[in-house]
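The values are calculated or read from the model by the stated rules, or taken from the named source; none is laboratory data. Here the structure is a predicted model, which is why all the values come from computation and not from measurement. Please note: Cβ atoms are built from the backbone with ideal geometry, for glycine as well, and neighbour counts cover all protein chains shown. When the accessible area is computed, the model is the full protein with side chains, heavy atoms only, and any ligands, DNA or RNA have been set aside. Shrake-Rupley method; radii C 1.70, N 1.55, O 1.52, S 1.80 Å.
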Number of protein chains: 2
Amino acid sequence: MNDKSIIKVSDTVIRRLPKYRRCLEELLNRKVYQISSQDLSKIIGFTASQIRQDLNVFGGFGLKGFGYNVQDLYLQIEEILGIGSVYNTIIIGAGNLGQAIVNYTNFCRTGFLVKAMFDINPKFKGLRINDVKVIDAEFLKEYLEHVSIDIGIICTNKESAQEIAKILTEGGVKGIWNFAPVDLAAKENVIVENVHLSDSLYTLAYYINHPQDY
Amino acid sequence: MNDKSIIKVSDTVIRRLPKYRRCLEELLNRKVYQISSQDLSKIIGFTASQIRQDLNVFGGFGLKGFGYNVQDLYLQIEEILGIGSVYNTIIIGAGNLGQAIVNYTNFCRTGFLVKAMFDINPKFKGLRINDVKVIDAEFLKEYLEHVSIDIGIICTNKESAQEIAKILTEGGVKGIWNFAPVDLAAKENVIVENVHLSDSLYTLAYYINHPQDY
C-alpha cells in the first residue's frame, strides 16, 4: 500500500511532528518506554484520537492495547522528518540572530551543519563565530558554485532578503529558512520556511487580552 | 449578541490572525483598500471560505458583494490581537538572541517596550544594548517588586528557564515569551508562549524530503 505518495499530507499535521519528537525525547529522558495515546495526549495536549489520526497518516506505529513504543516512534518520526541526515547550511547575515543560530549547538547535533556565514558588513571580515568563518556576502554566488549547500538561512533585513533568496535559489539550495520579516515566495522547487517571530508575540498579546481562550 | 465571551476561540484560528495582519499591512502599503475574500485567499493561502469563517468568529467585518475594507479589517485585527496597547517587557538573557530581540525595532513600534535586560554574566554589567540597561539577574525579583511588567521574554538556556519563569510569575507578569528549548508550563493565570525554532527547521527538513507535500 503506497497511498502515501498520492495523498498530500496536510501542513497542520506536518507541523505537529516536531512537537511529537520533542515530547517523545522528553519521555525517553524520563525512561518512559511505552505509552498509550491517552497518556501521550495528556502530555502533548492533542486529543488521543488526533494523535492516532496523525500517526496513521504515516502508517500507524501503535499496537491496539499496547500503545506506542516510545523509542520506535521517536526514531520513526525522526526518519519521517529527515533528521539524522546531514544538511549543509549557510547563514546570511552575521548579526545577533545569525550568531544566535550559529551558536545554537542543538542544530549541529541533529545534523544541520553551518559551513559558512556571509555578511556585507566589513566589521565581520575574517571573523570566525563558533568556529564558522564569516565571508564577504559579495562572494555568496561564487561560493555556491563550488560548495553544495542544502539550506540557506536568511538573517538579513527585509530589504536584502528577496535578492539573497534569488542567489540561493540559483545557487541550488533545496530550502530557505527565512527570518527576515517578509514572506519570501518559493520558486523553482526550493522550499521556503518563513519564520515570523512577531506572529508568536502577537499571539501572546491576544491571549493576555483574552485569557478565557487560553 | 455577546456569544463571543462564551465560545472559546480555537488556537488555530488565533494563530492565523497575525498572518491576516501582515497580509493586510502589505496590501495597505500597496494602496489596496478593498478586497474580496477570494482575492485575499490568493495572497494569504487560506481558502476564501476559511477566511470568512475565521473572521466570522470575531463578528464578520465583510459586506456581501463588496468584500473587506482593508484599513478597517487591519485595525480591527490589531484591536483583537491587542496591538496598539503598550506592553512593558523585560528580556532575561542578554546573549545573541536577547540582543537580536532588543534590537528588533518592529516590536517597539507595535507597543512592546523593553524596559530592561537581565543577565548573570558579569561581562554585560553596566552595558546598554539599544539603549536598554542590562541588570544583574540576581536583582530580577527585586526589580519586579518595583516595576510593573507585562511580558517576560526568556532567552536563557534550558536549565535556567523554569526558575526564571517562577520568578516572573511570582513577580506578576501576565505573559512569558519563552525561547529556551523547553516547554514551560503555564501557572497562575500567566500565559506562556513557547517558541521552538527547531520545530520550524524540522518542518523545512520534512518538506525537503517530501517535496510532493509542499
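Within the range B:167-191, residues that are at the interface with chain A (Cβ under 9 Å from one of its Cβ atoms) have Cβ atoms under 6 Å from residues that are assigned to a loop (DSSP other than H, G, I, E, B) and open to solvent by 40 Å² or more (accessible area, probe 1.4 Å) in these pairs: B:ILE191/A:TYR214, counting only partners at least 6 apart in sequence or on another chain.
Does the range B:133-149 contain any residue that is hydrophobic (A, V, I, L, M, F, W, C), touching a residue at least 60 places away in the same chain (Cβ under 8 Å) and open to solvent by less than 90 Å² (accessible area, probe 1.4 Å)? Taking every residue of the range B:133-149 in turn, at least one turns out to be hydrophobic (A, V, I, L, M, F, W, C), touching a residue at least 60 places away in the same chain (Cβ under 8 Å) and open to solvent by less than 90 Å² (accessible area, probe 1.4 Å). Just so you know, in the range A:150-166 the residues that are in contact (Cβ under 8 Å) with a residue 24 or more places away in the chain and among the aliphatic types (A, V, I, L, M) include one that is farthest from B:LEU201 (Cα to Cα), and it is A:ILE164.
Please determine, by comparing only the residues of the range A:123-132 that are outside any loop (DSSP other than H, G, I, E, B) and either in contact (Cβ under 8 Å) with a residue 24 or more places away in the chain or within 22 Å of the chain's Cα centre (by Cα) (or both), which one is farthest from A:LYS174 (Cα to Cα).
Among those residues, the one meeting the criterion is A:PHE124.
Under the condition of being within 22 Å of B:TYR206 (Cα to Cα) and hydrophobic (A, V, I, L, M, F, W, C), the residues counted in the range A:21-54 number 5. So is B:ALA186 at pLDDT below 95 and open to solvent by less than 10 Å² (accessible area, probe 1.4 Å) or not? No, not satisfied.
Residues in the range B:167-202 that are among the polar types (S, T, N, Q) and touching a strand residue (DSSP E or B) at 6+ places or on another chain (Cβ under 6 Å): B:ASN178, B:ASN194, B:SER200.
Note on the range A:102-115: residues that are in contact with a helix residue (DSSP H, G or I) (Cβ under 7 Å, 6 or more places away or on another chain) and at pLDDT 95 or above amount to 2.
Can you tell me which residue is modelled with the highest pLDDT among those in the range B:77-86 that are within 22 Å of B:THR169 (Cβ to Cβ) and open to solvent by 10 Å² or more (accessible area, probe 1.4 Å)?
If we take residues in the range B:77-86 being within 22 Å of B:THR169 (Cβ to Cβ) and open to solvent by 10 Å² or more (accessible area, probe 1.4 Å), then B:VAL86 is modelled with the highest pLDDT.
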